[in-house]
Each structure stands twice: as C-alpha cells, then as structure tokens.
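Asker: First, the structure itself, so that you have it in front of you.
Since every read-out is calculated from the coordinates, none of them should be taken as a lab result. Note that this is a predicted model, so its numbers are computed, not measured. FYI the Cβ positions are ideal-geometry reconstructions off the backbone, even for glycines, and counts take in every protein chain you see.
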Amino acid sequence: MAPSFDHLRDAEFDEDDYDEDEVDISDLKEKYEVQLEHGYDSFVVIDGLPEVTEEQKPKLVKFLLKKLNSVGKAKEENVYMPMGEDGKSMRFSFVEFASPAEAAAAVRQLDMVPLDKKHTLRVNKMTDIDRYGREGRVDETYEPPKMEEFTEKEHLRWFLADPSGRGRDQFVMYRGDSVAVCWNNERDTPDPIVDRDHWTEMFVQWSPLGTYLTSVHAQGVQLWGGPQWTRQKRFAHPFVNMLDFSPNEKYVVTWSNRPIAIPEEGHPQLSLDEDGKNYVIWDVETAKPLRSFANLDLPPQSTDGPVKPAPKFPWPAFKWSADDNYVARLTHGQSISVYELPSMKLLDKTTIKIEGVMDFEWAPATVQREGVKVHEQLFCYWTPEMGSNPAKVGLMAIPSKEIVRSLNLFSVSDVKLHWQTEATYLAVKVDRHSKSKKSLATTLEIFRIREKGVPVEIVDTIKDTVINFAWEPKGDRFCIITTTEPVGPTAVPPKTSVAFFCPEKAKAPAVGNFKHLRTLEKKNHNSIYWSPRGRFVVVATVANQQSSDLEFYDLDFEGEKPEAEKDLTANLQLMNIGDHYGVTDVAWDPSGRFVASWASAWKHSMENGFHIYDFKGEALREDAIEKFKQFSWRPRPATLLTKDEQKQIRKNLREYSRQFEQDDAERGASADREVVEARRRMLEEWLAWRANVEEEIEEERLDRGLPAKPGPEAEEVSGEERKGEVIEEIVEEVLEESEEIVA
C-alpha cells in the first residue's frame, strides 16, 4: 500500500530550521550554474523563416506575430528581421517579449512548430545563442574527446537476491530521527541492512519497482540505492511536500506549496522557466526537469446537482499512463491535458475539452482492443448532470482520442472510478439521489474492458452509503464496506457492513455475471487490504480509538462450501482476528506472505510501533517503538516468468514445498540448538562464578581464624551409622464404627 502523506500537503517550512550545508549540492552548482547576460532574457531568436523581400517583410512579420502572441505579448516594432546585401531576408529574426517568462514560453511552445507546409520554426533564447556561440567558445583546432575511465555501477536490483536464500522482503522504518532498512525475519528480530540518522527531513518513499529509496529535504529530493546505499540522483526542488513516480520509474513529479524562486545568481538545476511554479516533472535518468507548472486554482464549478467542488490541490495532480508514455492533468470542469513524454508537449497541441469533467483515471495496464493494432492507452472520466444533460462516464483511447464507450447516468450525486489492476474491469460506483434529494442509493456499474463492445453490467443497488471499495488484484472479486449512518466525523464510529461479490461459474474463458456472495453485519471496519497475489484479504478498522480489529479472510477456502454459494467462484472463510491498538496503517508485503500494521506518531502518540502477521493472521512480532512514524515494504518489479512457466511452478508446488518445509525445519532446529547452547553457556558461567565466590569466602574464613568449612564428604553419613538409627512408625487402625441418632 502506498503510504499516506495527507498531513504533509499543506505543511509550511521555516528556512531557518534547516542547515543549508546538510545536503551538499556544490557539484551540481559547478556543473549547471550559468551566468546569464542581464537584459537579454526576454529576447528569442527565430530560425526557419521563409526568404522574403523588403516588400514582403511586413506580411511575414504580421503572420509571425499571430504565432508569437499566442504565448506572450510581442509588438511589431519588437520584431527585427535582418536583410542581406541581395535585398532578401536572412531567414531568421530577433523578437523581444514583454518578460523573460513569455520568452521562455515561446521557446517551449513554438519550437519545432510548423509555420506553413514548407517551413518549421526553431526558437531559442538569445542567452542560449550567446552561450553556445562560436566566438571565443570553440577552439578551431580539433582535439579528440577524452575517454573517461570505466567505473562499474552498483546493481540496483540486488535486493531480489536474498543472501539467506529464503526470498525475504525488505522494509524501511522511520522512527525518531533515524531511518533503517531491514530484512523481514518473521518471528525473529529484523535483520538491519542500513540505519542512518537524519537521512530525511520529512518522509521516505520507495519508487514503484523498489529500485530507489527517496529522502526529502529542504533543498530537494534525493534517490538512494545499491548495496552500499549511495546517492543515485538529486532533484533540487526546494521545500518539496509531495512526490509521485511514474509506474516504470522513468519520471517523477515533485510539488511544493511554495512557488519556486530562482535567485539572481541562478539555480543548480532549475532555470527561469521554473520561477513561480509549484510542480516540476523530472527525467529520472538524467535528473533534469522536463517541464514545470503552477498550481491550478479554479473556482468550484456550479452544477444543478449536489456535486462537491474539487479540492484546491488534488493529489496526484498529474496522473501517468501505464506505459510511461503520457502524463495528464485535469482542469476541473473544463478539460484534460495529455502530455507526451519525454517531450512534455500537449498531445496534438491541444487539450481535450470535456465540459464539466470532474475526475479521470488511467487504466493501470495496457489493453489490446479487438481490431486495434496501434499502441493505445485508456482512461476513464465522468461529468455531472448539467441542465437537461445527463451525467456521463466515458472511456477514451490515447493517442487516437476515440471514445471507446460511454454511459449516461441520471440523478447522480457522486461518482467514483475503480480500475482492476490488470484493467480487465472498471467499476463505477454511482451515488444516486431520490427526486426529493433526501435519500441516496448506490449502484455498481462494471465495464468489461476486454470483451467486445465493452459491455456494462449493473451489479446491485445498495441502499446504504458505500465508504470503501476494492478489487481483488489480478482477480475478478471485490469487497465493499457500507454504513447506514451519515459519513463524517462522529463521537462514536458508525457501525458498518462488509459485503463480498464474485462472478458466477461459467465455462472458460467467459466470466459469469457478478453476484453478491455474503455480507458481514455489525462491524466497525473502514478499510480493505487485498493481498497483492489475490485470494486473501484483510478487513480492518484503522484510525479508530474505540476499535482496532483486523480480520483475515480466505476467498478460496478448501473446505466445504455453503449450498447457497455452490454456483459462485468463491468460498469465503474467516481465518483469524487480530488486534492492534491505535493502528493507523496496514500493508501487505509484495510476496503476499506477510502483513504489517503500525501506529504512526504522525497521527497519535499512543503505543507507536508495528506488528507483523502471516497471511493467515497469526501474529509473528509486536514491536513497540517510541516516535515510530512510518513503515513501508520495498516493492518488487514484475516477474520475468511467462504465464506458462508460472503455471508449471504452481503445478509442481508440492514438490517445491517439501524443500521449503525442510529448510524451515532445519532453521527451527538450528534455532533450538542455539537456545540450548546459550542456556548451557549461561549455566557454566553461573557455576564458575559460584565456585569462585565460594573460594573467596573460604579464604576469608581462614583469614579470620574460623574453622574450615567441612567438605561434602564430611557431611555424608556412613553406612554403619545408618544401621544404628531407630525409626519409630505409628499406625492407627479402626476396629469398629457405629452410628447413633440422637433425638
């Protein structure tokens, strides 16, 4: 599970609280620092213009101004187009904009833009032309480049080869001012790999494939990795509050609630383009910014329905496609802007206008649609009811921008979009209000993405309020939590119900209709945590002072199935119930074998620490740690095995399990031997200490003139003395017993 950092979004920083020398960026300054020529920042040089005469020049200038004024303010007298001796233009011009920011926008948005069918504009900053110009910069004599000495890089995926051979997972924990990365040792004490003080100033975060560990500082963000945990990358975005990686770790977006301020002497990685911006999108490999954006703060859109306004700073504001080729941003109520990576240019140079759009979500995996050969990504979006127009859920393909499927909805209060991890299904949770708008009901609309025509199935109408929904990863079952009471802060947490749904049995490869499996009543649960491998699920009560239950369920229990559920593809069984007082977060490890729960000091200060459970719910470890803030399992990349190879392993699993069981038994026996040997050493040390003390006491007796203490042999009684002993034994015997009744 991804860690929650809601408490950090609106955090304010005091520059005096941080030591500027704590994160050394002097090498970055030396590498990237540029002394700009003041006075030329608002000038650009435009190449690629057609050759014109003096008479044709005014027409070309006016035509060029139409392009220039789309990104800034440029006047006709501020366009200087040099003419050659032959009376014709030299095919370039100098343009002065009203500000350096407009000049930077012109470079970013007009470079490589066609002017007409035969000419393409090349736009550069005047300062760049001067910086890279030939005068005094390039030596006329050729010198061959120097080959740098090869240095072998650290293996960033080393953590996949557990030296113990047990396939353990790593986790990071942040407590007090120190951060530690450890191997999970089940019942035993975690095996520390690295433990550093002041490794981060705010929080730590793994990249999606586990390659990097991210630390956050006042000066920016740093990525760490390799067996020696050396610094791999740095992103000098000051006072970062939040960050988000693309699924394949190619890019990262950082956000700060403080606009970037570029000092006069320049910045080691950022330029004037980023001045005043809040978001920066970086290329992870080169550690260079691709593009920056300011906060998009629009007034809430007014609608006829009771739709809630969008939050001021929704996170993540930029959402990635599954293949890292696109990133998109929502302009609430107006449009969706899709940018191509790594160029960060708008797809087809225009936003996708969708009136009233409230939210959108990319498909988490690439889906190959029938009859479509080109590479496409899908995203879904929804719009509310506006006037007489119904609410709508749409499914769009990128880059074609084709509407693959749309669905009209009526009497809509709110919509939530839930993708299944393999993008096989899309669940649309629709909250509908009655005509009087005094009561609500929920319907679940399931889009079957991989089936022809993308059919939509209405699963059920739920009269209670749905507060949580979660798909089974890599599966076709889901779980919801509902309540009959109003949602929001209350003195006593509301009672909830947990309902499971699964398909009916059908002939492969078809999947049957979704049906209600079972509902568990009178619970306090508010969170759902599926195993990343599917099948097992933890339903928990988190951030609740009155209850802290964790219930472990198996949906493929091998025991007898109830008669009413014979035709369904699940057999639900409660395996165990755990309790962790004050629990604030729960997460499965990437193997699906262990579950961690922890109580974070960021949310309360009572009994902070973490617990480790196995997938069946058996408690393995309980560690109480003062000022414990964060726990996070290290993710793993996707397996390289094909589906057939995985199927073959599952087929022979019993054969492999014998070896694992033997290893576990040997490890247990080894642990028992270690315990026995430790106890024997303790006993021998105690006996030696006792003999030493008795010897010292005897020496002290002799020094004081006392008689020597008789030895053990003197205390023994001889056999003849035993013969002279008289032992008297008294035996009582009852001869007669009578009972008399007294009147």
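Asker: How would you rank 225-234, 337-346, highest first, on the average number of other Cβ atoms within 10 Å across their residues?
Answerer: With the highest mean Cβ count within 10 Å placed first, the list reads 337-346, 225-234.
Asker: How large is the convex hull of the Cα atoms of the stretch 43-132 per residue, expressed in Å³ as a whole number?
Answerer: Spelled out: Cα convex hull of the stretch 43-132, divided by residues, is 94 Å³.
Asker: Can you classify the stretch 397-534 as rounded, prolate or oblate using the Cα gyration tensor, where a ≥ b ≥ c are the square roots of its eigenvalues, rounded means a/c under 1.5, and otherwise it's prolate if a/b beats b/c and oblate if not?
Answerer: Oblate.
Asker: For the pair LYS117 and SER406, what calculated FRET efficiency results from E = 1/(1 + (r/R0)^6), where r is the Cβ-Cβ distance and R0 = 35 Å, to the nearest 0.05?
Answerer: About 0.45, to the nearest 0.05.
Asker: Now for a separate question. Let me have the relative contact order for the chain, percent, based on Cα pairs under 8 Å that are six or more residues apart.
Answerer: About 7 percent, as a whole number.
Asker: Just add up the charged neighbours of LYS250: K/R +1, D/E -1, any other residue whose Cβ is under 9 Å from the Cβ of LYS250.
Answerer: Combined, the nearby Lys, Arg, Asp and Glu give -4.
Asker: With a sphere of radius 14 Å drawn around the Cβ of ASP464, what net charge do the other residues whose Cβ falls strictly inside it have (Lys, Arg +1; Asp, Glu -1)?
Answerer: Result for the neighbourhood of ASP464: +2.
Asker: Points 7 angstrom from Cα along the Cβ direction at LYS153 and ASP47: gap in nanometres?
Answerer: The two pseudo-label positions are separated by 3.1 nm.
Asker: Could you point to the label whose value was computed as percent of Cα pairs over 47 Å apart for the structure here, given (i) 19; (ii) 29; (iii) 38?
Answerer: (iii)
Asker: Between THR230 and LEU687, what is the label-point separation in nm under the 7 Å Cα-to-beta-carbon projection?
Answerer: 5.3
Asker: Okay, moving on. Looking at the square roots a ≥ b ≥ c of the eigenvalues of the Cα gyration tensor of the stretch 548-680, which shape do they give, rounded for a/c under 1.5, prolate if a/b is larger than b/c, or oblate?
Answerer: In terms of gyration-tensor shape, oblate.
Asker: While we're here: Mind checking the log10 I(q)/I(0) for the stretch 171-289 at q = 0.13, 0.21, 0.23 Å⁻¹? Debye, one equal scatterer per Cα, no solvent, two decimals.
Answerer: Computed log10 I(q)/I(0) values: -0.54, -1.19, -1.35.
Asker: Give the shape of the stretch 464-579 as rounded, prolate or oblate, defined through the alpha-carbon gyration tensor: a ≥ b ≥ c are the square roots of its eigenvalues, a/c under 1.5 means rounded, and otherwise the shape is prolate if a/b is larger than b/c and oblate if not.
Answerer: Taking the square roots of the gyration eigenvalues as a ≥ b ≥ c, the stretch 464-579 is prolate.
Asker: How far apart, in nm, are two points set 7 Å out from the Cα along the Cα-to-Cβ line at GLU285 and at ASP703?
Answerer: Label at GLU285, label at ASP703, 8.0 nm between them.
Asker: Would you kindly state how much longer the chain becomes between ASN652 and ASP86 on full extension, computed as 0.36 nm times their sequence separation minus their alpha carbon distance, in nm to one decimal?
Answerer: 195.4 nm
Asker: Turning to a different aspect of this structure: Given 0.36 nm per residue, what is the gain on full extension from ALA564 to ASP191 after removing their alpha carbon distance, in nm?
Answerer: 129.5 nm
Asker: Given R₀ = 25 Å, FRET efficiency for THR351-LYS73 by Cβ-Cβ distance, to 0.05?
Answerer: The value I calculate is 0.70.
Asker: Kindly state, to the nearest 0.05, the FRET efficiency for ASP579 paired with SER434, given R0 = 30 Å and r defined as their beta-carbon distance.
Answerer: After rounding, the FRET efficiency stands at 0.15.
Asker: I've got another one for you. How much length is gained on full extension from GLU370 to ASN295, taking 0.36 nm per residue of separation minus their Cα-Cα distance?
Answerer: 23.1 nm
Asker: Over 26 Å between Cα atoms, which of LYS435/LYS523; LYS416/LYS523; LYS495/LYS629; LYS233/LYS349; LYS118/LYS349; LYS288/LYS643 qualify?
Answerer: Violating the 26 Å limit, Cα to Cα: LYS435/LYS523; LYS495/LYS629; LYS233/LYS349; LYS288/LYS643.
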